[in-house]
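To start, the structure under review is shown below, and the notes come after it.
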Amino acid sequence: MDERMEEKPPCLKILAEHDPDYGEIFEQLFKVTFSPNVLDAKTKLLIAMCVNASTGMGFGCSEIA
């Protein structure tokens with residue numbers, strides 16, 4: 001995984017605080033999603049921002065930014 005992605009994003013920290021089991025599942029998904037692959041981390045983050053924006057979740061865009 002990219003060194004910049006080693007730290008958990010705030011959304012994962014909040015999930016883990018409120019529901020540790022769900023937070024662990026989401027953290028594993030995050031690790032798989034942002035592991036080195038065909039797309040670089042920057043492209044994956046831009047896609048995540050677009051998905052958040054298209055679903056009306058502006059707070060997700062600002063958190064990712």
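Determine if region 44-63 includes at least one residue that is at pLDDT below 85, in contact with a Pro (Cβ under 7 Å, 6 or more places away or on another chain), part of a helix (DSSP H, G or I) and surrounded by 10 or more Cβ atoms within 10 Å (Cβ to Cβ). The answer is yes, given that some residue of region 44-63 is at pLDDT below 85, in contact with a Pro (Cβ under 7 Å, 6 or more places away or on another chain), part of a helix (DSSP H, G or I) and surrounded by 10 or more Cβ atoms within 10 Å (Cβ to Cβ). For region 19-38, the set of residues classified as assigned to a helix (DSSP H, G or I) and over 16 Å from residue 63 (Cβ atoms) consists of 20, 21, 22, 24, 25, 28, 29, 31, 32, listed by residue number.
The values are calculated or read from the model by the stated rules, or taken from the named source; none is laboratory data. Remember, predicted model here, so these are calculated numbers, not experimental data. Heads up, the Cβs are rebuilt from the backbone with ideal geometry, glycines too, and the neighbour counts pull from every protein chain shown.
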